[in-house]
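The values are calculated or read from the model by the stated rules, or taken from the named source; none is laboratory data. No experiment lies behind these values; they were computed from the predicted model shown. Neighbour counts are summed over all protein chains in view; Cβ atoms, including those assigned to glycine, are modelled from backbone coordinates with ideal geometry.
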Amino acid sequence: MKVTLRVWRQKDGNSQGKFEEYAAEGLNPNMSFLEMLDVVNEDLIEKGEEPIAFAYDCREGICGTCSCMINGKPHGPENGATTCQTYMRSFKDGDVIVVEPFRAKAFPVQKDLVTDRAAFDSIMQAGGYITSRAGSCQDANAIPISKEIADLAMDAAACIGCGACVAACKNSSAMLFVSAKAGQLNLLPQGQPEKDSRVVNMVSAMDEAGFGNCTNQYECSAACPKLISEEFISKMNRDYLSASVKGLFSAKAL
Amino acid sequence: MNILHVLFKSSIGKKITMAVTGFILFGFVIGHLSGNLQIFAHPDKINAYAHFLEALGPGLWLIRLFLLAILIIHVWLAAQLTLENKAARPQGYQNQITLRATLASRYMRVTGVIVLVFIVYHLLHFTVRVTHGPEAYPNTVLIDGTPVRDVHSMIILGFQNPLISIFYILAVGLLSWHLRHGLVSMFQSIGWQTRTWSKALNKIVLAVCVLYFLGNALIVGAAMSGQVRIQNPQVAGYVCRTDCEICGLRNAATIAESDEAASDNQS
């Protein structure tokens, strides 16, 4: 099959970018979207042109490195799939496919389709951890956790931090990412000691990074390759409110 | 942690403030509609109610200033959030598609601004009473002889102009649509929405919005179609029978007398 790509080309973070068209020919419908880009890039290299820069790592949908806004939806047309899990069979022969980087003030474009998503790292550093003893694991069932809570925490833990939520949100809000990361730990007993400070610190790191505000439209959840529910945003709002109210009255050590 | 910082500076805090102010304003419009529905009872009912509110004096002003402050906070934060959201994506996409955002949620700013314009007109129309001539704001007396504003006739007179009536129906329609997203959204913003009951919440909100719209449209419709008629003989231009039990003393002559007495007092 063959398709026409309209790809965003940008030399580096300081340059102006623009769309360029490329014909991708001789494709197998069972190629992944990234493999299709590999084919186009080999062509470009043979012609002596600059290949299209795109981010990837595992190519099996678990690392969260691949990104790309494909035809107006993060990670392409399929539901619950990353760009590397999107196959050319999802497109029709002869389609024009528009490929853009994720766009947000907090995710500056580095080159072509590659964005700098380090803002997520600063949010994680603000509270996406637990304090626990180093050393060997404790007994598997030493801390009882109900099946419901374990399942819910697992739903949140499915977040791969790809940034599709930010890319899909018209406000470039990172609420789904932060709520999944904070929610996962806040649900579990291991996360209780830092529960309040975690949500307060992660939210303020999120605000400082320049992400937008949530308008409760849940485009994030619809675009999420792991289909994380907006329920976690509600939970984060609840945790944030309760942490703030508790913070007003809590006793403080000297 | 400073509470003002939380409520007016943090992203989640601003949304919580939007939710709380929105809920107070929602409470007001429901109370306002309940008051207005008294138009379907005897004119004394709504006239006495309006007189009671006006007689609160400083209390009424406290309530008005409180509501105004809440409205200003709601609009101010909405503007601030909008600007922040625009700034969070300096460069847009070429062809972003909408995945599941509802129309109501996407037009919150449009419906909000039109409703704000309507509120200004509505206050000038019925509270400041300057959009129409003095003949649109008649007086009457209650059954006990208290001279009061004839709110009953004023409302019906107000909806004699079809353009104004259409604007009112349109505005409450847009407000209902604004509430369609706003009411669900406020539960999310304060963290009371879960998948367990979000479908039920959605249906309840839809029902509330439809009922709110119908309640308002019913008043305008009844006034326009003549289902609710002006019963003030001075305004309606007919003279009551003197032995009528319903109106008692309130024939055109008595109202005219009390009007004169009122203007004598003022001069």
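I want to confirm something. Restricting to the range B:89-132 and keeping residues that are part of a loop (DSSP other than H, G, I, E, B) and away from chain A (no Cβ under 14 Å), which single residue is nearest to B:ILE73 (Cα to Cα)? Can you show your working first?
We begin by selecting, within the range B:89-132, every residue part of a loop (DSSP other than H, G, I, E, B); these are B:89-102, B:107, B:128-132.
The next check asks that each one be away from chain A (no Cβ under 14 Å); those that pass are B:128-132.
Values: B:VAL128: 23, B:ARG129: 26, B:VAL130: 27, B:THR131: 27, B:HIS132: 30 Å.
Only one residue fits best here, namely B:VAL128.
Could you identify the single residue in B:ALA48, B:ALA55, B:ALA19 that is more than 11 Å from every other protein chain (Cβ to nearest Cβ) and surrounded by 17 or more Cβ atoms within 10 Å (Cβ to Cβ)?
Numbers: B:ALA55 fails: surrounded by 17 or more Cβ atoms within 10 Å (Cβ to Cβ); B:ALA19 fails: more than 11 Å from every other protein chain (Cβ to nearest Cβ).
Just one listed residue meets the conditions, B:ALA48.
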Q.
Quick check on the range B:189-205: of everything there that is in contact with a Lys or Arg (Cβ under 8 Å, 6 or more places away or on another chain) and over 11 Å from A:LYS235 (Cβ atoms), which residue is farthest from the other protein chains (Cβ to nearest Cβ)?
A. B:VAL205
Q: Determine, yes or no, whether B:THR146 is without any contact (Cβ under 8 Å) to a residue 60 or more places away in the chain and more than 19 Å from B:MET224 (Cβ to Cβ).
A: no
Q.
Every residue in the range B:161-209 that is part of a loop (DSSP other than H, G, I, E, B) and free of Cβ contacts under 8 Å to residues at least 60 places away in the same chain, please.
A. B:ASN161, B:GLY191, B:TRP192, B:GLN193, B:THR194, B:ARG195, B:THR196, B:TRP197
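Got a number for residues in the range B:141-188 being within 14 Å of chain A (Cβ to nearest Cβ) and over 19 Å from the mean Cα position of the chain (by Cα)? Let's see the steps before the verdict.
Restricting attention to the range B:141-188, the residues satisfying the condition of being within 14 Å of chain A (Cβ to nearest Cβ) are B:178-188.
Going one step further and asking which of them are over 19 Å from the mean Cα position of the chain (by Cα), we end up with B:184-188.
Total meeting the criteria: 5.
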Q: With the condition kept exactly as written, say whether any residue in the range B:110-133 is polar (S, T, N, Q) and under 19 Å from B:HIS51 (Cβ atoms).
A: yes
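Find the residue count for the range B:74-88, including only residues that are under 33 Å from the mean Cα position of the chain (by Cα) and facing chain A (nearest Cβ under 7 Å). It would help to see each step written out before you state the result.
First, the residues of the range B:74-88 that are under 33 Å from the mean Cα position of the chain (by Cα): B:74-86.
Filter once more, so that each one left must be facing chain A (nearest Cβ under 7 Å): B:81, B:84-85.
Residues that pass the stated criteria total 3.
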Q | Qualifying residue in the range A:47-66 (condition: under 16 Å from A:ASP95 (Cβ atoms), aromatic (Phe, Trp, Tyr) and either within 14 Å of chain B (Cβ to nearest Cβ) or not in a strand (DSSP E or B) (or both)) | A | no
(Q) I'd like the residue in the range A:75-105 that is in contact (Cβ under 8 Å) with a residue 24 or more places away in the chain and in a helix (DSSP H, G or I) and, out of all such residues, is surrounded by the fewest Cβ atoms within 10 Å (Cβ to Cβ). (A) A:ARG89
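Taking the criterion of being surrounded by fewer than 17 Cβ atoms within 10 Å (Cβ to Cβ), away from chain A (no Cβ under 14 Å), closer than 17 Å to B:LEU123 by Cα and in contact (Cβ under 8 Å) with a residue 40 or more places away in the chain, would at least one residue in the range B:60-70 satisfy it? First the steps, then the outcome.
Taking the range B:60-70 as the starting set, the residues that turn out to be surrounded by fewer than 17 Cβ atoms within 10 Å (Cβ to Cβ) are B:60-69.
Those left that are additionally away from chain A (no Cβ under 14 Å): B:60-69.
From what is left, the residues that are closer than 17 Å to B:LEU123 by Cα are B:60-69.
Those still in the list that are in contact (Cβ under 8 Å) with a residue 40 or more places away in the chain too: B:67.
Yes: the range B:60-70 contains one or more residues that are surrounded by fewer than 17 Cβ atoms within 10 Å (Cβ to Cβ), away from chain A (no Cβ under 14 Å), closer than 17 Å to B:LEU123 by Cα and in contact (Cβ under 8 Å) with a residue 40 or more places away in the chain.
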Q) Given the structure, is B:LEU214 more than 14 Å from chain A (Cβ to nearest Cβ) and either under 18 Å from the mean Cα position of the chain (by Cα) or modelled with pLDDT of 95 or more (or both)? A) yes
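Answer with yes or no whether A:ASP93 is out of contact with any Phe, Trp or Tyr (no Cβ under 6 Å at 6 or more places or on another chain), away from chain B (no Cβ under 14 Å) and closer than 23 Å to A:ALA158 by Cα. Write out each step before concluding.
Values: out of contact with any Phe, Trp or Tyr (no Cβ under 6 Å at 6 or more places or on another chain): yes; away from chain B (no Cβ under 14 Å): yes; closer than 23 Å to A:ALA158 by Cα: no.
Against the criterion (out of contact with any Phe, Trp or Tyr (no Cβ under 6 Å at 6 or more places or on another chain), away from chain B (no Cβ under 14 Å) and closer than 23 Å to A:ALA158 by Cα), A:ASP93 does not qualify.
Out of all the residues in the range B:137-149, is one or more more than 30 Å from B:GLN234 (Cβ to Cβ) and outside any loop (DSSP other than H, G, I, E, B)?
Checked the range B:137-149: no residue is more than 30 Å from B:GLN234 (Cβ to Cβ) and outside any loop (DSSP other than H, G, I, E, B).
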Q. Does the range B:42-80 hold any residues that are within 16 Å of B:HIS32 (Cα to Cα) and either in contact with an Asp or Glu (Cβ under 8 Å, 6 or more places away or on another chain) or charged (D, E, K, R) (or both), and which are they?
A. B:LYS45, B:ASN47, B:GLU54, B:LEU60, B:ARG64
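Can you name the residue in the range A:207-225 that is more than 7 Å from chain B (Cβ to nearest Cβ) and surrounded by 24 or more Cβ atoms within 10 Å (Cβ to Cβ) and is also farthest from A:ALA167 (Cα to Cα) among such residues? Working first, answer last.
Initial filter on the range A:207-225 (more than 7 Å from chain B (Cβ to nearest Cβ)): A:208-209, A:220-221, A:224-225.
Keeping just the survivors that are surrounded by 24 or more Cβ atoms within 10 Å (Cβ to Cβ) gives A:220, A:224-225.
On the way: A:CYS220: 8, A:CYS224: 10, A:PRO225: 12 Å.
So, considering only residues that are more than 7 Å from chain B (Cβ to nearest Cβ) and surrounded by 24 or more Cβ atoms within 10 Å (Cβ to Cβ), the one farthest from A:ALA167 (Cα to Cα) is A:PRO225.
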Q | From A:ALA253, A:ALA180, residue being surrounded by 24 or more Cβ atoms within 10 Å (Cβ to Cβ), without any contact (Cβ under 8 Å) to a residue 60 or more places away in the chain, more than 9 Å from chain B (Cβ to nearest Cβ) and not charged (D, E, K, R) | A | A:ALA180
